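What follows is a set of notes on a single structure, which appears directly below.
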Amino acid sequence: MSLKEDFESHGWIHIKQFFNADQLKQLRGGVKKSLEDKINSDLLCNPYLVSQSILNKRLVNVISSILDDMPIYFGDSSISSNDAKMSLHKDNPDRTSASAPDWRTPYTIVRAGIYLQDYTLNSGGLILRDGSHNIASRWKGKILNPAIKPGDLVIWSLRTTHSGGARRLKIAPNMAINPYIIKHLPDVFFTPRHNERTALFVSFGKNDHHLSRYIKYLKTRSYAVQRWRKMDITQETIEAAKDVGLSILDLSKEARGLADQ
């Protein structure tokens, strides 16, 4: 089964050891420098991380194979350096209605998670519902808690139900449990979280109506507009993106003209 077929079947893929030891060291160093310098910009404009993340040719090739087209990067990425405690959710605009535009054709916006810590036993990793990218309900789909190790890459559809706040039971760390049940149990039952949840998240899309609708949705979100406003995309960056098979959509000028939400 190809990566594309696997992704289309499950709504997510887990590529183990995508980054080698040297690359992982560079990523961790880049995150450390970014936090020390208080760089909170989009990763495309982060000098410490852009080459290992958005402009990583191997990553772009994987995204291209999933989308079956040249990926478009539209300014949606971040460093996550805190402990996420979220309920299971979807990230696409139409999250509940099966008759809405997001659900009429295969969805073509994906998010890549680059993980720098071990979540095989620790809590705080990713939890998701297998196959939920084809179901307009966050209550359906088998719950899985991938055994993520440092340097792993996980890619999922924005329609896939997921959460960044997975917990692992001490007595059965491989058992995936619904977060709605977990929140009623005391912390003593679970393995510890890392002090800081460190990962990189990058979204890519295809040049179609799904991307247009998602960008329209992001324009109503203050965090996205503020992030776009901070971007300074040079011609050199655009050319570097082309060299790795990626198209850049610069929304910075438009964002500066938008009213605050």
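The values are calculated or read from the model by the stated rules, or taken from the named source; none is laboratory data. Model, not experiment: these values are computed from the prediction. FYI the Cβ positions are ideal-geometry reconstructions off the backbone, even for glycines, and counts take in every protein chain you see. The protein model used for the area step is the full one, side chains on, heavy atoms only, and it has no ligands, DNA or RNA in it. Shrake-Rupley method; radii C 1.70, N 1.55, O 1.52, S 1.80 Å.
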Under 7 Å between Cβ atoms, at least 6 apart or on separate chains: pull out the pairs that start in region 186-206 with a residue that is under 22 Å from S53 (Cα atoms) and among the charged types (D, E, K, R) and end on any residue that is open to solvent by 70 Å² or more (accessible area, probe 1.4 Å) and at pLDDT below 75.
E196/N82; R197/N82
Which helices (runs of 4 or more DSSP H) does region 178-240 wholly contain that include 2 or more residues that are over 20 Å from P146 (Cβ atoms)?
209-218, 222-230
Taking the conditions exactly as written (buried (at least 16 other Cβ atoms within 10 Å of the Cβ), at positive phi and assigned to a loop (DSSP other than H, G, I, E, B)), does G151 satisfy them or not?
yes
For S77, state whether it is crowded, with 21+ Cβ neighbours inside 10 Å, hydroxyl-bearing (S, T, Y) and either closer than 15 Å to L153 by Cα or at pLDDT below 95 (or both).
yes
Is region 202-215 home to any residue that is touching a helix residue (DSSP H, G or I) at 6+ places or on another chain (Cβ under 6 Å), among the hydrophobic types (A, V, I, L, M, F, W, C) and more than 25 Å from G124 (Cβ to Cβ)?
no
If a residue must be in contact with a strand residue (DSSP E or B) (Cβ under 6 Å, 6 or more places away or on another chain) and either basic (K, R) or without any contact (Cβ under 8 Å) to a residue 40 or more places away in the chain (or both), how many such residues does region 211-261 contain?
1
Looking at region 87-101, which of the residues that are farther than 20 Å from A166 by Cα and in contact (Cβ under 8 Å) with a residue 40 or more places away in the chain is least open to solvent (accessible area, probe 1.4 Å)?
N92
Show the residue pairs that are 6+ apart or on different chains and have beta-carbon atoms under 9 Å apart, the first residue being within region 1-28 and closer than 18 Å to T160 by Cβ, the second being loosely packed, with under 12 Cβ neighbours inside 10 Å and charged (D, E, K, R).
K4/D68
